[in-house]
Each structure stands twice: as structure tokens, then as C-alpha cells.
Amino acid sequence: MGNFLTGKVVAVTGAGRGIGRAVALACAAEGARVVVNDYGVAIDGGTPTSDIATAVVKEIEAAGGEAVALADDVSTMTGGLRIVDTALDRYGRLDGVVCAAGILRERMLFNMTEEEWDPVIATHLKGTFTVFRAASAAMRRQGSGTLIGFTSGNHQGSVAQANYSAAKGGIISLVRSAALGLGKYGVTANCVAPVARTRMSANVPMELTEIGDPQDVAALVVYLLSDRARGEGITGQVYTVAGPKLAVWAQPRELRAAYAEGGWTPEKIADFLPGTVGTDPMPLLTRLEAMAKAAAAKERPNA
């Protein structure tokens with residue numbers, strides 16, 4: 001066992017499988033006591049089971065670590081609060097939360113139903129909020145802590161996962177808001193946009209040329225939870241880890257502006273917008289043609 005997180009208490013959601021499991025195991029291996037939460041649903045949001053969270057706890061304990069299993073639904077305020085309360089009641093403090101719980105319900109926007117939209121937003125976005133909400137209150141009193149949300153490169157947009165993309169974009173804004181509002185209380189907040197081999201990535205309709213394993217993502221999360229990251233003042237950031245690649249995403253900012261005397265009219269906008277203000281091209285749009293050609297040839301396009 002290492003000592004990167006010695007003495008810390010960390011709660012991880014979606015910790016029964018994939019990246020969440022790797023994060024929970026890595027945190028425990030680095031000395032943290034871990035609250036392992038997983039509602040136990042399939043990626044399509046099917047029937048939950050608590051067995052997988054318990055299995056991860058047994059792995060941690062077998063390696064000499066300390067952990068407790070929960071199977072709470074993070075899409076409810078009660079579920080988010082219970083995760084935090086369990087850490088406080090069991091271990092007396094909470095130093096970090098990692099929100100990795102998620103499901104997929106893929107559909108083109110013009111076919112997507114409310115039943116396919118709501119659970120994805122609830123699990124990803126609201127599920128991050130419920131845990132952040134409860135954790136931030138405890139961390140504010142404590143005077144320290146780290147919030148970590150999980151986003152995706154799909155926050156740029158998605159052809160057939162508008163629900164997932166919208167949720168992941170919302171998580172970034174939630175993390176930045178937490179960073180702004182909680183910094184004076186000693187709390188940091190960051191996002192991880194992983195590219196790793198999991199149940200979810202197996203369904204990506206393209207060949208990912210930059211991809212790693214859940215353990216690569218876990219290493220980044222452990223660092224962000226550690227005092228080494230706090231010493232660098234890292235907060236409000238979005239990081240991607242994809243195997244050997246580690247990257248930081250740009251902060252949103254204006255690119256170009258034009259000003260009109262006497263206010264704007266449709267005619268003035270027509271004159272100024274295309275040539276002066278212009279556009280910021282969407283990288284994903286340039287890939288659609290290649291994806292369409294590959295699909296026609298029954299191949300998986302590279303990305």
C-alpha cells in the first residue's frame with residue numbers, strides 16, 4: 001500500500017465496476033478509508049443490486065484496507081446525503097468525493113423519449129449534485145475537501161447521446177461553480193474526462209485511437225484527491241487521461257466581438273457576424289463525414 005492518501009476518507013459513487021471500482025481500489029491502496037457506493041444497475045438503468053459494492057469492499061479489506069459498502073441511489077437527495085453521512089458517522093470526516101456513477105440510454109434526439117432523457121440526467125448530473133451538495137456542507141465546516149466530477153469528451157456534443165452529452169456538460173459547469181463558491185472554505189473541485197476501456201466505452205461507435213484502462217484514470221483521481229494537488233492550487237479544471245495521454249481542457253471564453261453604434265438590427269448582424277465575429281468550428285462536425293463513410297463500409301471509424 002502507498003501513502004498518497006493516508007488518513008483521508010473518500011467516498012466514490014459508481015464504485016462497483018469499471019473506473020469507479022478502480023478509483024475505490026486505488027484510493028484504498030494509497031491509504032484512504034473508502035465509502036464504496038454503487039446502486040448496482042446495468043448501463044441501461046436496469047434492476048439494481050448491492051452485491052457489487054460489497055464485493056469491492058471485500059477486495060479492499062483483503063488487501064488490508066478499510067471500506068464500507070452502500071447501494072444508494074445518487075439521483076435522490078436522500079441517497080447523496082446518506083453517502084456523506086455514512087463517511088462522517090463511520091470515519092469522522094470526509095476529505096473527498098468522486099462521482100463516477102452513470103448510465104446510458106442512447107437514441108437520436110428526434111426519437112428520444114422523456115423516459116430516456118430523465119434517468120440519464122438524474123444519474124449523471126443530479127447524482128453529482130446530490131453528493132456535492134451534502135459533501136460541500138460537511139467540507140465547509142471542516143475547512144477542507146475535494147470534489148471530483150466525471151465528465152466526458154462528449155460534453156462537446158453527441159450525435160446519438162444528447163441526454164448524456166447534456167448531463168456531462170452540466171457537470172463541468174457544476175464543478176466550476178463549486179470551485180468558485182467553495183474556494184474560500186478550503187474546498188477544491190475538478191472534473192475528469194476519462195477515455196478508458198469500460199462497459200460504456202465498448203458501445204462507442206468508433207475506434208478510439210487514444211484509450212487506456214481504468215487504472216490510468218484512478219491514478220489521476222488519487223493525485224487530485226491528494227495534498228500534492230491542493231498545494232498546486234488546482235481547482236475548476238477539466239482533465240482528460242487516455243492511457244499515456246494527460247490533457248487539460250480550455251476554460252470557456254469569448255473569441256471575437258463586434259460593436260455597433262446605435263444597437264444591433266438584423267441587417268447589421270448579417271453584415272458583421274459572418275465576416276467579423278465569425279464562428280468557432282466544431283471539431284466533431286469534421287469527423288461526421290468520415291464516420292458516415294466508415295458506417296457505410298461496415299467499419300468502425302477512428303477517433
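Observations, loosely collected:
- Long-range HN-HN contacts of residue 8 with modeled amide H, under 5 Å: 33
- Per-selection Rg to Rh, the stretch 18-115 - Cα, Kirkwood hydrodynamic radius: 1.04
- Taking N as its residue count, the alpha carbon Rg of the chain over 2.2 N^0.38 Å: 1.07
- Distance from the stretch 219-298 to the stretch 7-23 (C-alpha centre basis), Å: 29 Å
- Whole-percent carbon and sulfur share, accessible surface of the chain, 1.4 Å: 54 percent
- Largest accessible area first, the residues 108, 291, 282 order themselves as 282, 108, 291 under a 1.4 Å probe with ligands, DNA and RNA left out.
- Counting only DSSP H runs of at least 4 residues, each contributing -39500 (n - 2.57), and dividing by the residue count of the chain, the helix-based mean residue ellipticity at 222 nm comes to -12500 deg cm²/dmol.
- 1.4 Å probe accessible area per residue over the stretch 245-285, in Å²: 86 Å²
- Net charge, residue 75 excluded, C-beta distance under 12 Å - Lys, Arg +1, Asp, Glu -1: -2
- Along the chain, the longest continuous region that contains none of the trypsin sites (Lys or Arg not before Pro) in a DSSP loop with at most 13 other C-beta atoms within 10 Å is 1-198.
- Simple spin-label estimate for residue 121 and residue 265 in nanometres, 7 Å along Cα-Cβ: 3.9 nm
- Of the three principal axes defined by the Cα atoms of the stretch 57-198, the extents in descending order read 49, 38, 28 Å.
- For the stretch 214-303, the share of alpha carbon pairs falling in successive 5 Å distance bins from zero is 2, 9, 12, 11, 11, 11, 12, 11, 10, 7, 3, 0 percent.
- At 0.692 mPa s and 37 °C, Stokes diffusion of the stretch 146-192 via Kirkwood alpha-carbon radius, µm² per second: 298 µm²/s
- With at most 14 other Cβ atoms within 10 Å, longest stretch of the chain clear of loop chymotrypsin sites (Phe, Trp or Tyr not before Pro) (DSSP): 1-258
- Note on the stretch 107-163: Rg/Rh from C-alpha atoms, Kirkwood Rh, equals 1.14.
- Estimated distance in nm for a label pair at residue 257 and residue 272, the labels positioned 7 Å out from Cα along Cα-to-Cβ: 1.1 nm
- Surface analysis of the stretch 87-173 yields an accessible area of 40 Å² per residue, using protein heavy atoms and a 1.4 Å probe.
The values are calculated or read from the model by the stated rules, or taken from the named source; none is laboratory data. Not measured: the values here are computed from a predicted model. Cβ sites come from the backbone with ideal geometry, for glycine too, and all protein chains shown count toward neighbours. Quick note on the areas: whole protein, heavy atoms, side chains included, nothing else; ligands and nucleic acids left out. Shrake-Rupley method; radii C 1.70, N 1.55, O 1.52, S 1.80 Å.
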